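Each reported figure results from applying straightforward, stated rules to the coordinates on display, with no laboratory input. This structure is a prediction, so every number in the text was calculated from the model and none was measured. Don't worry about glycine lacking a Cβ; one is built from the backbone with ideal geometry, like all the others, and counts go over all protein chains shown.
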Ligand SMILES: [Fe+2]
């Protein structure tokens, strides 16, 4: 699956280290893209910080200039740009690896995608966990075959009344009542009303499972003309290398819908670990992507054939002084990588999205995050069905007490002000009737 290195558009790494493999990092959101057009990463193992530094010097000698640098706990990240070309490079201290990206699939430069705006007096920023109908029994599908027990969706209402949409729930959670309620909600919080457009400044996708996007697609099938979609931020492994047909099929369908409704003007960013992206007053720092979990001998993702949930993005969002830990659906291998690479200070957050609907035993990570506010994309009964989940809840409650919110119980909005985080919005879930599985 390795692409011919001579086809690379970036200067080659020529240092002498123990190993070098190429990894197919996938496409942006292009449904028809052939495997030979996928973007690639070279991973060098047995490397030290000097290899990162000397490759950066080589880029500068080749006419590039540094446009972004980051240092998270001794892990170093750099973006180098020259005219239309850009090279992203990072060094991971714990594994002694340097990664070099020939990211040919992000459609705009990072500096164009990022759009910082400071909040003005009187404007507000609110983070919402969106209520989703789920099985109250806490099982995946209840006796009537009508409810699921997963799906996830968050919305950040920005100061300029646009939104960051995070994931989008499952198609089975978006019956007509849910669609109507979510539309009413979005019209209200953005002040778009019944006739105005709702501006999605960024649709952030944690990973490629359909319980994280097919619900909002079902909404868009009915109402896409009410929306403007400016950006999509994701990093999903190639559909060409995905050998589980349902996932690849759902992703191609998703990409096709987005292109057909919103065209090619949508800016797409395949974000990498260490990047900091500003969307309005919110800053997103990426801590993990599937590119961090590549076998140094085979150049293949360690998890794509095992637990696909480990191919998701993990990031910390700075929202009005609150740190929101967005974990997607990760499992223990990603927990281990995060604990290995980052300090307690980096992982400590105010708000936590509990990973994979609390199915996965990653409470060692939660002990580091120590969140005083917890969002769980699950029903309460779903948290008590196994000893692992009961144990996880104990760890979460140690830090959050009663500040634990379940997606099936409704939409919850929180904001910060004067250093205090507080609930400013609550509404019950409206939908839940079975209307078919298609989207
Ligand atoms: Fe999920």
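So here's what we get for this one:
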| item | result |
| --- | --- |
| Per-residue Cβ neighbour rank within 10 angstrom, fewest leading, 153, 43 | 43, 153 |
| The stretch 227-276, Cα convex hull volume normalised per residue, Å³ | 90 Å³ |
| Helical mean residue ellipticity (222 nm; -39500 (n - 2.57) per DSSP H run of 4+; nearest 500) of the chain | -6500 deg cm²/dmol |
| The stretch 169-210 versus the stretch 214-256: alpha-carbon centroid distance in Å | 14 Å |
| Nearest 10 degrees, 0 to 90: helix 245-262 Cα axis against the chain principal axis | 80 degrees |
| Rg/Rg_globular for the stretch 152-308, with Rg_globular taken as 2.2 N^0.38 Å and Rg from C-alpha atoms | 1.09 |
| Crossing angle, helix 176-189 versus the chain [Cα axis fit, 0-90 degrees, rounded to tens] | 70 degrees |
| Gain in span if fully extended, residue 228 to residue 420, counting 0.36 nm per residue against the direct Cα distance | 65.9 nm |
| Value of Rg to Rh for the stretch 105-200 (Rh from inverse mean 1/r over Cα pairs, i.e. Kirkwood) | 1.07 |
| Cα pair distances exceeding 18 angstrom across the stretch 278-339, given as percent | 40 percent |
| Footprinting exposure proxy for 226, 231 (fewest neighbouring C-beta atoms within 10 Å first) | 226, 231 |
| Equivalent ellipsoid dimensions for the chain as semi-axes, Å, which come from the Cα gyration tensor, largest first | 34, 24, 22 |
| Spin-label zone in the stretch 179-221 - amide nitrogen under 20 Å from a point set 7 Å from the Cα of residue 112 along the C-beta vector | 200-204 |
| Per-q log10 I(q)/I(0), the stretch 30-69, q = 0.26, 0.27, 0.31, 0.35 Å⁻¹ (Debye; single scatterer per alpha-carbon; no solvent) | -0.92, -0.95, -1.07, -1.15 |
| Protection proxy ranking of 319-331, 380-392 - average other beta-carbon atoms within 10 Å, highest first | 319-331, 380-392 |
| Per-residue Cβ neighbour rank within 10 angstrom, fewest leading, 91, 288 | 288, 91 |
| Volume per residue of the C-alpha convex hull in the stretch 366-439, rounded to whole Å³ | 140 Å³ |
| Protection-proxy order for peptides 75-86, 13-24, each taking the mean of Cβ atoms within 10 Å per residue, highest first | 75-86, 13-24 |
| Bins of 10 Å, starting at 0 and running to the largest distance - Cα pair percent for the stretch 92-158 | 14, 18, 21, 27, 19, 1 |
| Normalised convex hull volume, the stretch 5-107, alpha-carbon set, Å³ per residue | 107 Å³ |
| Chain lengthening between residue 14 and residue 124 when straightened (0.36 nm per residue, less Cα-Cα) | 34.6 nm |
| Rg followed by Dmax, in Å, when the stretch 243-301 is reduced to its Cα trace | 15.4, 41 |
| Tilt relative to the chain, helix 49-61 - C-alpha long axis, 0 to 90 degrees, to 10 | 80 degrees |
| Ordering of 212-222, 340-350 by packing [mean C-beta count within 10 Å, highest first] | 212-222, 340-350 |
| Coordinate range along principal axes, alpha carbons of the stretch 281-439, Å, largest first | 51, 45, 34 |
| Cβ-derived FRET efficiency at R0 22 Å, residue 35 paired with residue 253, nearest 0.05 | 0.75 |
